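Before any comments, here is the structure.
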Amino acid sequence: MMRRLHQIHMYIEKGNKHIQYAILFSCLGKITHCRDDKDETWHPIGSSWRNSDCMDCTCNSCCSGYATPVDFPDDCMKKWDQKACEFKVVKKRDPSISCPIFASVGNMHPPQYRKKT
């Protein structure tokens, strides 16, 4: 058991940019949770969540949870909405007017992360 703990500890020390595995053992000695380094929150193995950096995460990795507009009218600009975790494209002269987005790159909000309205 001590050798296994050492191996797990060495794996954790190597780190992951976004996720650090926790050493929370059940009676069988299995890892049951992982930690999101950004929010310092714990999550069950196999779960998914969105953190405060708008990253969609699992215990293995995180990726951007939003799309970045790359093609829209010249008289418009992209504006980040932290609460919605998305870019809005609006008129430069009147930000209350939305603009069309012709192309984006990145994650297009998988259904499990969409906010219910």
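Every read-out reported here was derived from the displayed coordinates using simple, explicitly stated rules and does not represent laboratory data. Note that the coordinates shown come from a computational prediction; the quantities given were computed from them, not determined experimentally. Here the Cβ positions follow ideal geometry from the backbone for every residue, glycine too, while neighbour counts run over all protein chains shown.
I want to make sure I understand the PRE zone here: with the label point 7 angstrom from the Cα of residue 81 toward its beta carbon, which residues in segment 43-65 have backbone N atoms less than 17 Å away?
Inside the label zone: 54-55, 65.
Work out how much length residue 71 to residue 105 would gain on full extension: take 0.36 nm times their residue separation and subtract the Cα-Cα distance, in nm to one decimal.
Value of the extension gain: 11.3 nm.
Pairs 38/88; 30/83; 38/78: which exceed 28 Å Cα-Cα?
Violating the 28 Å Cα-Cα cut-off are 30/83.
Would you mind classifying segment 67-108 by shape? Square roots of the alpha carbon gyration tensor eigenvalues, ordered a ≥ b ≥ c; an a/c under 1.5 is rounded, otherwise it is prolate if a/b is larger than b/c and oblate if not.
Working: a/c = 2.68, a/b = 1.26, b/c = 2.13.
Taking the square roots of the gyration eigenvalues as a ≥ b ≥ c, segment 67-108 is oblate.
Can you give me the long-range amide H partners of residue 45? Hydrogens built in the peptide plane at 1.01 Å from N, cutoff under 5 Å, separation of 5 or more residues or another chain.
33, 34
Just want the answer: with Cβ charges of +1 for Lys and Arg and -1 for Asp and Glu, which residue in 69, 44, 90 is farthest toward the dipole's positive end in segment 41-91?
Positive-end residue among those listed: 44.
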